[in-house]
There are 2 protein chains.
Amino acid sequence: MSIDAARPTINDVAERAGVSRTTVSNALNGKGTIGAETIERVKRVADELGYEPNAMARGLRQSKLGVISLLIRPLESLDTAMPEGVDYFLRFAGSAALAAMDHGYSLMLISDPTKPGAPPSSLAADGCLVEAPIRNDPALTLLDRKRIPFVAVGVDPARADAFPAIAQQTERDTRLALDHLLDAGARRVALVTGTDENSWNAHARRGYEQWAAEHGIEPMIRARDETSGVDGGRTVAHELLTGDAPPDGVYCLTGRHAAGFVAGARELGVGVPDDLLVVAGSDAVMNRTSTPTITALDLRPVETARLAVDALIRLLDGEPVDWSSLDPASELVVRDSTSRRNGDAAVTA
Amino acid sequence: MSIDAARPTINDVAERAGVSRTTVSNALNGKGTIGAETIERVKRVADELGYEPNAMARGLRQSKLGVISLLIRPLESLDTAMPEGVDYFLRFAGSAALAAMDHGYSLMLISDPTKPGAPPSSLAADGCLVEAPIRNDPALTLLDRKRIPFVAVGVDPARADAFPAIAQQTERDTRLALDHLLDAGARRVALVTGTDENSWNAHARRGYEQWAAEHGIEPMIRARDETSGVDGGRTVAHELLTGDAPPDGVYCLTGRHAAGFVAGARELGVGVPDDLLVVAGSDAVMNRTSTPTITALDLRPVETARLAVDALIRLLDGEPVDWSSLDPASELVVRDSTSRRNGDAAVTA
DNA sequence: GCTACTAGAAGAATCGATTCTTGTAAATCG
DNA sequence: CGATTTACAAGAATCGATTCTTCTAGTAGC
C-alpha cells in the first residue's frame, strides 16, 4: 500500500553506482562503449533500486511515447455506458489493442479531443485511430491541424479523399445484403439506418437508393437513433408493418435495430422468416444467439482494426501505405431470419 | 495527408507573439499577471499556429500524464483476439474508459509489463488497474516495486491483504447461485471452474466446498481452461452427465462454459431445465439470447469498473479510500435454465 | 620517445513545457 | 518628492531521460 518514496531516477542509479548519467543510460541501452564490469554494476544497481526509465522523459527526448489512441465516434453519442450489442466497437477496440501491442505500442481510449473538458492526454499519443468519423468531423480537422498522424476507419462523408482512411466498402456491402434479400424472395425491401452522419449510414443509404432504382423497387427508408437500440427497432417495425404497403424484407444497419424489428414483427403476428426477411448490417452476439438467429453482415471488426493499426504505424514510421488495398472484405452470414435451413452459410463479398 | 512540418512549440508561439515562453504559458493557463491585451494576442497567435502543449513535456514537469492503464489478466491467457463471450472484460474496459474520462484521464490498455517485449509505455501511466490478478501475480509485484499506484480488481489469492483491491464477494456470490439451484430443486450440484489461478476461481471453489459440506452434498468439481470456451463446456457436460451419479444442477463460472454445458446436455438428451438446472457465474450476451436463456450472475462489470477507477483516482490524489465499502453487489438474473417462468426475475445479493 | 589511436567515461546540450525568482517601468502614498 | 507598491513580463531552473561532444589514460606504431 505504499505510494510514497518517489520512483528512483537515472540520477539515483548513477550516484549509487558511482558513474555518470550518460554511463547509466548507455549501459542500460547497450549503446556507447562501456566496460563490461561497469555495465554489470549499473544493471545490478538499477535492479536493486527498481529503476524504470520515465516514459515521459524518454518520450519527450525521442518525441515518441509508444502510444496510439483510439477515438470511437459512435460511442460519443451513446450516453449510457456500453449498452449490450455494441459488440463491433468493443471487439474493434480489443483487437486494436492487441495489434498495437504487437508493434510495441499501447492503445489509449480517448474521448472527443475537441470537447472543452477533454483530457490533455487525448492528444499525447503518437498517432490516432478514428472510428466512423462524422460529416465534417471536427476531430479530424483538429488532428490535421495539430499534425498528429491519424487513420480514419470509414471516411468523412463530406471530405472523402481528404484524409488517410480505411475506406469500408459500404455500398458494396449494402448490395450484398439487399441482393441476398431479393434472392431469398423479398420483393418490397425497406432500409433502417441510424442517424449518425457517418459514412456507414450515408453510403448504405446511397447504395440502397441506387439498388432500389435499378430493381424498380419503391424506396422505403427509416432512420432511428443509434442509441434507441432494440426499442428503436421495435417502434420502426410497428411503423412500417402497419402501413399501407408493408415490406416483406428489411435491412437494418445496426444489430440492435434488427433484433428489435424481429421482436416488433412478432408482436404484430408477422413471422420471421415466413412473412418477413430480416438482415442486420452489423453482426452482434445477439444476432447469433437469438431466436430466430438473424442473418447479418460480419464487418470483420477484428481484421479491420488490425489493418488500421498496421496502416497507422506505417504512417508513423514514414513508410508508404497503399490505401487502396485495405479492404476488410465483409461477409454475409446467412441465418434463420432469411432462410429455413439449419446452420450458417456464408456468402463472401 | 501531411505529417511533415513539426508541431509548433511554445517557443514558436512566444517568438511570433514577441513575448517570452513564460508569458505564453501564463497567458494560456491563466496564471501570473499578464495584461489583457497580451493575453489576447498570445491566444490568437497560439490559435493561428495550431499550438497545443506537448503532453509529455507538461507531464514530465508536473509528473502526471493524465492516463491510467488497465491490465486485464485473463486476456493474457486468451491467445486469439477477443473471442465472443468475453463480454465481461469488454464491458469492464469500456466502462473504465468512460469513468476515467469523467475524471479527466484517458484509459490505456496494456499488456503484461513483466513480459520481456512489453512496451515501455505500459509503465508510463499515472496509475494502473489490474483485473483478476493471478496467484503471486508478478505484475502486482512489479507495480509495487516501481511504486506505481494501482488497484486490483479481485485479490491475489496468495496475498489477499497485501495490496489495494476491490475485493469481489465471490464466496457470497457462489452461495447465491448454489442456494438458487437448491431452491429450484437441484439435489446433486456440480461446479465447473476455469483454470486461471485468480481469486474468482479460487474463492468460488472454496465457497462451493463449504456449501457442499454444509448441505451434505458430495462435491463434484471440474476445471476447464477459460480458453476452451463453449467447447470446453460441452466436453465437461459429457464427462459429468455420462458418469455414475450425474448432477441435476451445475454452476459454471464462465458464461461460455455454461452455454457449452447446455449444448452438451442437449446432445445427450438431457433437458434444461427439466432434467438439469444450469447457472452461469458470469452474464454474457449469449446467456440472455440463447435458447433456453441461462440464469446467470451479473457481476456488474460496468459498476465495478467505475468503482475501481474512482478508487484509483482517489489513491492518485492522495485521498483516503475505504476499501471495505467497495462492494459491487452482484445480482442473480433468473432465466429459463432454472425455471419455467417467463421473463427475468432478480435475486439481489 | 613521441605521435596516433582507442577504450572508457564524463560533460553539456536538448526535448517542451511549468514554475520560481528577478527586473523594470509606472502608479501610489505619506 | 523620495520611497513603496503594483503590474507586467523576462530570465533561469527544473522535470528525467537521450545524445552529441569532449576529455583522459593507456596502448600501439614507427
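Treating the beta-carbon of each Lys and Arg as +1 and of each Asp and Glu as -1, no other charges, what is the dipole magnitude of segment B:10-53 about its Cα centre, to the nearest 20 debye?
On the way: 6 positive and 7 negative charges, 32 e Å.
Charge dipole of segment B:10-53: 160 debye, to the nearest 20.
On the full set of protein chains, 1.4 Å probe, figure out the accessible area of A:Arg7 and give it in Å² to the nearest 10.
Its heavy atoms expose roughly 100 Å² to the probe.
Nearest 10 degrees, 0 to 90: what angle lies between the long axis of helix A:255-267 and the longest principal axis of chain A (Cα atoms)?
Helix A:255-267 sits roughly 30 degrees off the main axis of chain A.
Along Cα-to-Cβ, 7 Å out, sits the label point; list in nm, shortest first, how far the one on B:Ile221 is from those in the other copies.
6.0
Which order do peptides B:162-168, B:259-265, B:41-47, A:147-153 fall in by mean Cβ count within 10 Å, highest first? Before the final figure, lay out the partial values.
Details: B:162-168: 19.6, B:259-265: 25.0, B:41-47: 17.6, A:147-153: 23.1.
Final packing ranking: B:259-265, A:147-153, B:162-168, B:41-47.
Report, ordered by chain and residue number, the aspartates and glutamates lying within cross-link reach of A:Lys64, taken as a straight Cα distance under 12 Å and ignoring same-chain residues fewer than 8 apart.
A:Asp126, A:Asp317
Hey, could you get me the Stokes-Einstein D for chain A, Kirkwood radius over alpha-carbon pairs, 37 °C and 0.692 mPa s, rounded to whole µm² s⁻¹?
Numbers: Rh = 22.7 Å.
Translational D for this selection: 144 µm²/s.
Given the protein chains as shown and a 1.4 Å probe, how many square angstrom of B:Trp323 are accessible, to the nearest 10?
In the full protein context, B:Trp323 sits at about 60 Å².
For B:Ala158, go 7 angstrom from Cα along the Cα-to-Cβ vector, then report the distances to that same point in the other copies in nm, smallest first.
5.8
In the Gaussian network model of chain A, springs joining C-alpha atoms below 10 Å, which of A:Arg188, A:Arg61, A:Arg206 carries the largest mean-square fluctuation?
With Cα springs under 10 Å in chain A, the top fluctuation among A:Arg188, A:Arg61, A:Arg206 is at A:Arg61.
Would you jot down the residues in segment A:107-124 that end up with at least 20 Å² less accessible area in the complete protein assembly than in the chain alone, with a 1.4 Å probe?
With the partner chains in place, segment A:107-124 has these residues losing at least 20 Å²: A:Leu107, A:Met108, A:Leu109, A:Ser111, A:Pro119, A:Pro120, A:Ser121, A:Leu123, A:Ala124.
Calculate the dipole size of segment A:199-338 relative to its Cα centre from +1 charges on Lys and Arg beta carbons and -1 charges on Asp and Glu beta carbons; express the result in debye to the nearest 20.
Values: 12 positive and 22 negative charges, 62 e Å.
Here the size comes out at about 300 debye.
Could you order A:Glu15, A:Glu48 so the one with the most accessible surface comes first? Probe is 1.4 Å. The partial results should precede the final answer.
On the way: A:Glu15 145, A:Glu48 95 Å².
Ranked list, largest accessible area first: A:Glu15, A:Glu48.
Give the long-range amide H neighbours of A:Ile134: residues separated by 5 or more places, or on another chain, with amide H under 5 Å away, using H modelled in the peptide plane at 1.01 Å from N.
Counting only residues 5 or more places away or on other chains, the set is empty.
Which value, in Å to one decimal place, does the Kirkwood hydrodynamic radius take for segment B:10-53 when every pair of different Cα atoms is included?
Details: mean 1/r = 0.1016 Å⁻¹.
For segment B:10-53, the Kirkwood estimate is 9.8 Å.
Distance from the Cα centre of segment B:27-76 to that of segment B:132-169, in angstrom?
Segment B:27-76 and segment B:132-169 have Cα centres spaced 32 Å from each other.
In segment A:207-299, if every C-alpha pair distance is counted and binned at 5 Å from zero, what percent goes to each bin?
Whole-percent P(r) values from 0 Å outward: 3, 14, 26, 25, 20, 9, 2.
Relative to the longest principal axis of the C-alpha atoms of chain A, give the angle of the C-alpha long axis of helix A:199-214, reported between 0 and 90° and rounded to the nearest 10°.
The angle comes out near 30 degrees.
Kindly compute the accessible surface that chains B and A hide from a 1.4 Å probe when together, both sides summed, and give it to the nearest 100 Å². Walk me through the numbers on the way to the answer.
Details: alone 17150 and 17140 Å², together 28600 Å².
Its buried surface, counting both partners, is about 5700 Å².
Taking all protein chains together and a probe of 1.4 Å, list B:Glu171, A:Glu214, B:Glu226 from the most accessible to the least accessible. Don't skip to the end; give the middle numbers.
Working: B:Glu171 55, A:Glu214 115, B:Glu226 20 Å².
From most exposed to least exposed: A:Glu214, B:Glu171, B:Glu226.
Accessible area of the protein assembly as shown with a 1.4 Å probe: how many percent of it is carbon plus sulfur? Write down the numbers at each step before the final one.
On the way: 13620 of 28600 Å².
Result for the protein assembly as shown: 48 percent of the exposed heavy-atom area is carbon or sulfur.
Once a ≥ b ≥ c are taken as the square roots of the eigenvalues of the Cα gyration tensor of segment B:203-244, is the result rounded (a/c under 1.5), prolate (a/b larger than b/c) or oblate (a/b not larger than b/c)? Can you show the working numbers first?
On the way: a/c = 4.40, a/b = 1.54, b/c = 2.86.
It comes out oblate by the Cα gyration axes.
Spelling out what I want: for every residue of segment B:301-316, take phi, set θ = phi - 60°, compute 6.51 cos²θ - 1.76 cosθ + 1.60 (Karplus), and round to whole Hz; glycine and proline get x.
Values per residue, Gly and Pro as x: x, 5, 6, 4, 4, 5, 4, 5, 5, 4, 5, 4, 6, 5, 4, 5 Hz.
Using a 7 Å offset from Cα along the direction of the beta-carbon, what are the separations from B:Glu319 to the same position in each other copy, nm, ascending?
In nanometres, ordered from closest: 4.6.
Give me the log10 of I(q) over I(0) for the protein assembly as shown at q = 0.10 Å⁻¹, as the Debye formula computes it from C-alpha points; what are the numbers?
-1.04
With everything on Cα atoms, drop me the angle between helix B:87-102 and the longest principal axis of chain B, reported from 0 to 90° to the nearest 10.
30
Work out the mean other chain Cβ neighbour count within 10 Å for the residues of A:100-106 and drop it here as an integer. Working shown, then result.
Working: counts 6, 9, 2, 1, 6, 3, 15.
Rounded to a whole number, the mean comes out at 6.
If the only charges are +1 at each Lys and Arg Cβ and -1 at each Asp and Glu Cβ, what is the size of the charge dipole of the protein assembly as shown around the Cα centre, to the nearest 20 debye?
On the way: 72 positive and 98 negative charges, 358 e Å.
Dipole about the Cα centre, nearest 20: 1720 debye.
As a test of reading the structure, rank B:Lys31, A:Lys146, A:Lys64 by solvent-accessible area (1.4 Å probe, protein chains only), most first.
Details: B:Lys31 125, A:Lys146 15, A:Lys64 100 Å².
Largest accessible area first, the list is B:Lys31, A:Lys64, A:Lys146.
Mean residue ellipticity at 222 nm from the helices of chain A, using -39,500 (n - 2.57) per DSSP H segment of n ≥ 4 over the full residue count, to the nearest 500 deg cm²/dmol?
Details: 13 runs with 145 residues, N = 349.
So the calculated ellipticity at 222 nm is -12500 deg cm²/dmol.
Whole number in Å², please: accessible area per residue of chain B, 1.4 Å probe, ligands, DNA and RNA not counted.
Working: 14310 Å² over 349 residues.
In whole numbers, chain B has 41 Å² accessible per residue.
So what is the relative contact order of segment B:10-53, in percent, for Cα pairs below 8 Å that sit 6 or more residues apart?
On the way: 39 pairs, mean separation 17.3, N = 44.
With pairs under 8 Å counted, the relative contact order is 39 percent.
Using protein chains only and a probe of 1.4 angstrom, how many square angstrom of A:Arg300 are accessible, to the nearest 10?
About 50 Å², rounded to the nearest 10.
Compute the FRET efficiency between B:Ala223 and A:His103 as 1/(1 + (r/R0)^6), taking r as their Cβ-Cβ distance and R0 = 41 Å, and round to the nearest 0.05.
Numbers: r = 35 Å, r/R0 = 0.85.
Rounded to the nearest 0.05, the efficiency is 0.75.
Within segment B:293-312, which residues have the backbone N less than 16 Å from the label spot 7 Å out from B:Asp183 along Cα→beta-carbon, could you tell me?
Within reach of a label on B:Asp183: B:295-298.
The values are calculated or read from the model by the stated rules, or taken from the named source; none is laboratory data. Not measured: the values here are computed from a predicted model. Quick reminder, even Gly has a Cβ in these numbers, built from the backbone with ideal geometry, and neighbours come from all protein chains shown. In case anyone asks, the SASA skips ligands and DNA or RNA and just uses the protein heavy atoms, side chains included. Shrake-Rupley method; radii C 1.70, N 1.55, O 1.52, S 1.80 Å.
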